[in-house]
Amino acid sequence: MGAVSREIWISAPIDRVFDVIVDYARYAEFVPGVRSCRAIGATADGHRVEYEVDLAVRRVRYVLAHRERRPVRVDWSLVSGDFFARSDGSWELSEERGGTRARYSLDVRINRPPLVPSVVLDRVVDELTRVQLPLTLEAFKARAEGLA
């Protein structure tokens with residue numbers, strides 16, 4: 001898939017946007033495709049978080065190590081999971097015009113299982129970049145703005 005980035009302006013204070021991003025236990029309530037999400041351990045600078053996500057062609061489970069730098073950044077990297085070979089990304093936040101400018105970056109590589117046609121993997125990549133990424137940004141925006 002390679003790396004992709006998108007930005008969105010959110011009409012909410014930076015601290016509220018950050019709080020929504022690190023409220024992993026509530027992701028299944030508002031993030032499209034997320035079936036479950038929970039912090040499974042704290043680290044010195046964040047949390048290990050287990051996800052179960054519906055990617056249209058199958059559900060996948062994986063664990064990410066999140067590093068949190070309140071209130072401006074959350075980074076993550078893949079710890080375990082058999083579907084992704086890589087899943088690195090970040091939220092970068094900055095105050096702008098009385099709200100928050102949020103930049104979401106993602107670099108994902110999918111393991112190609114034996115006997116799986118490339119057309120199936122292409123569909124997953126398309127789902128992640130063209131469909132899920134904008135929906136995810138809009139979901140976080142709506143959540144942060146709705147908590148006023």
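The values are calculated or read from the model by the stated rules, or taken from the named source; none is laboratory data. The model shown is predicted, which means the values in this text are computed figures rather than measured ones. As a convention, Cβ positions derive from the backbone with ideal geometry for all residues, glycine included, and neighbour counts pool all protein chains shown.
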| task | Residues being within 18 Å of TYR27 (Cβ to Cβ) and either in contact with a helix residue (DSSP H, G or I) (Cβ under 8 Å, 6 or more places away or on another chain) or touching a residue at least 24 places away in the same chain (Cβ under 8 Å) (or both): count how many of those fall in segment 57-74. | result | 7
| query | Is it the case that segment 36-48 has a residue that's surrounded by fewer than 17 Cβ atoms within 10 Å (Cβ to Cβ), part of a helix (DSSP H, G or I) and acidic (Asp, Glu)? | reply | no
| Counted residues, segment 7-28 - those being touching a helix residue (DSSP H, G or I) at 6+ places or on another chain (Cβ under 6 Å) and either among the β-branched types (Val, Ile, Thr) or surrounded by fewer than 20 Cβ atoms within 10 Å (Cβ to Cβ) (or both) | 6
| message | Give me the residue from segment 71-87 that is at pLDDT 95 or above and assigned to a strand (DSSP E or B) and, out of that set, surrounded by the fewest Cβ atoms within 10 Å (Cβ to Cβ). | response | SER80
| remark: Note on ALA85: of the conditions (1) within 22 Å of VAL108 (Cα to Cα); (2) in contact (Cβ under 8 Å) with a residue 60 or more places away in the chain; (3) not hydroxyl-bearing (Ser, Thr, Tyr), unmet is (2)
